1. Given (1) at pLDDT below 95; (2) within 29 Å of Leu54 (Cα to Cα); (3) not β-branched (Val, Ile, Thr), where does Asn293 come up short, assuming only one miss?
2. Could you tell me which residue of the stretch 256-292 is surrounded by the fewest Cβ atoms within 10 Å (Cβ to Cβ), considering only residues that are in a helix (DSSP H, G or I) and among the polar types (S, T, N, Q)?
3. Looking only at the stretch 331-374, filter to residues that are among the small types (Gly, Ala, Ser) and either surrounded by fewer than 16 Cβ atoms within 10 Å (Cβ to Cβ) or over 21 Å from the mean Cα position of the chain (by Cα) (or both); which one of those is modelled with the lowest pLDDT?
4. Anything in the stretch 293-310 that is over 12 Å from the mean Cα position of the chain (by Cα) and either touching a residue at least 12 places away in the same chain (Cβ under 8 Å) or in a helix (DSSP H, G or I) (or both)? List them, or say none.
5. Out of the stretch 181-234, which residues are under 24 Å from the mean Cα position of the chain (by Cα), in a loop (DSSP other than H, G, I, E, B) and either modelled with pLDDT under 75 or among the aliphatic types (A, V, I, L, M) (or both)?
6. Please tell me if Ala246 is surrounded by 14 or more Cβ atoms within 10 Å (Cβ to Cβ) and over 26 Å from Gly152 (Cβ atoms).
7. Could you figure out which of (1) within 26 Å of Gly152 (Cβ to Cβ); (2) surrounded by fewer than 22 Cβ atoms within 10 Å (Cβ to Cβ); (3) modelled with pLDDT of 95 or more; (4) not hydroxyl-bearing (Ser, Thr, Tyr) isn't true of Ala328?
8. Pairs under 7 Å by beta carbon, first residue farther than 18 Å from Tyr316 by Cα and touching a residue at least 40 places away in the same chain (Cβ under 8 Å) in the stretch 134-149, partner of a type in the set (Asp, Glu) and surrounded by 19 or more Cβ atoms within 10 Å (Cβ to Cβ), six or more apart or different chains?
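The values are calculated or read from the model by the stated rules, or taken from the named source; none is laboratory data. What you are looking at is a predicted structure, and each value in this text was computed from that prediction instead of being measured. Here the Cβ positions follow ideal geometry from the backbone for every residue, glycine too, while neighbour counts run over all protein chains shown.
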Amino acid sequence: MTSLNHSHSAVPVHPSLAHLSAADRDAFADEVEAIEARVMSSLGARDARYIRRLISAQRWLELVARLVIFAGILHWSGFIIGALMLALAKILENMEIGHNVLHGQWDWLRDPDIQAATWEWDNVCPSAQWQRSHNHLHHKWTNVIGMDRDFGYHILRLSDQQPWHPGYLVQPVSNLLMALFFQWGVAIHDDELATLRQGETPAPRARQKLDNLLRKIGRQLGKDYLLFPLLAGPFFLPVLAANAAANLLRNLWAYAVIFCGHFPDDVHEFTPEQVANEDRGHWYLRQVLGSANISGGPLMHLLSGNLSHQIEHHLYPRMPSNRYAEVAPQVRELCARYGIPYNSHGLARQLFTVWRKVFRYAVPGRNDTVLQAR
């Protein structure tokens, strides 16, 4: 957790937390941290086996998937089956492996091959660039309007606290494009590249980040859309199409999981004033109120990178993801005791309410602030 001001003076808490005193917030924080301490002190061989076996299985799956795609040369079904297998391999690498390794969840292993500082994932966004915008900004300022750049990704209006402008009228289309090209949206979302356009980031620093981004894009495009298709000779186009289909399916799944964890109904937003003097209890409570879980079984948890436990992930971003299912009932019980909503529903319900918000906030409400120019 980021360091916080532990003072309780002048903390304008969120209305949903008004029933809790400063002492209640401290007690809640103590119990949250006690859960984390128990789990982190118990990490060991079982956890190490989990991540190492998962990485090995994912790499074998990707290899077999690419061989099956090439088998499509003999029968067209290979292109379809191989594309589905490759999509699954990419989902596992991005969600349960890459995302969580880059959070530092496995740094305790001291394995130089599974470290946040050195892992590069199968995604057009460079790992280091994503870590800054996600780990250091989104997780610190979760759902604080104007401070959490991941809230709507500066493209979508998903709250009446965001002023409306005419550009939001097309956000149902923007939302669809974001789902289809999700990894690309993440890649260009970097805050410092955005502030370069506004003259707030030194040009040399931004140019370096842009160079890193372009190099990573070149490697990804070269691998999926040049190298492997070329190996297929005259079957270049079918192999290219299979790789493109795999990336498309991975993008759609990643979009669904991420958006269902952050933007469905009953997820709360916060103002900068409410976090100006935030104590640690309010910070933890904000993570609960600003996140949503996706209910489901072990397969859902695995394929979502355990972001189906988004609440637990925001409370414990450095806890190995295979432990989230273990702590989720404890967190839920803790929230019940303190009268804190615990948002957990099925994927279809969460996704439907996200899309409903996309259409609802595309147009201004009766009392919404309207900006005439962006």
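1. (1) is the only condition that Asn293 fails.
2. Keep residues of the stretch 256-292 that are in a helix (DSSP H, G or I), which gives 256-262, 272-275, 280-289.
With among the polar types (S, T, N, Q) added as a condition, the list becomes 274, 287.
On the way: Gln274: 19, Gln287: 22.
Among those residues, the one meeting the criterion is Gln274.
3. Just the residues of the stretch 331-374 that are among the small types (Gly, Ala, Ser), to begin with: 336, 339, 344, 346, 348, 362, 365, 373.
Okay, now just the ones that are also either surrounded by fewer than 16 Cβ atoms within 10 Å (Cβ to Cβ) or over 21 Å from the mean Cα position of the chain (by Cα) (or both), so 336, 339, 346, 348, 362, 365, 373.
Details: Ala336: 97, Gly339: 96, Gly346: 97, Ala348: 97, Ala362: 96, Gly365: 82, Ala373: 50.
This residue is Ala373.
4. As a first pass, look at the stretch 293-310 and keep what is over 12 Å from the mean Cα position of the chain (by Cα): 293-303.
Within the stretch 293-310, Asn293, Ile294, Ser295, Gly296, Pro298, Leu299, Met300, His301, Leu302, Leu303 meet the criteria.
5. Correct list: Ile188, Asp190.
6. Values: surrounded by 14 or more Cβ atoms within 10 Å (Cβ to Cβ): yes; over 26 Å from Gly152 (Cβ atoms): yes.
Here the answer is yes, as Ala246 does meet what is asked.
7. Condition (1) is where Ala328 drops out.
8. Sorted first by the residue in the stretch 134-149, then by its partner, the pairs are Ile145/Glu269.
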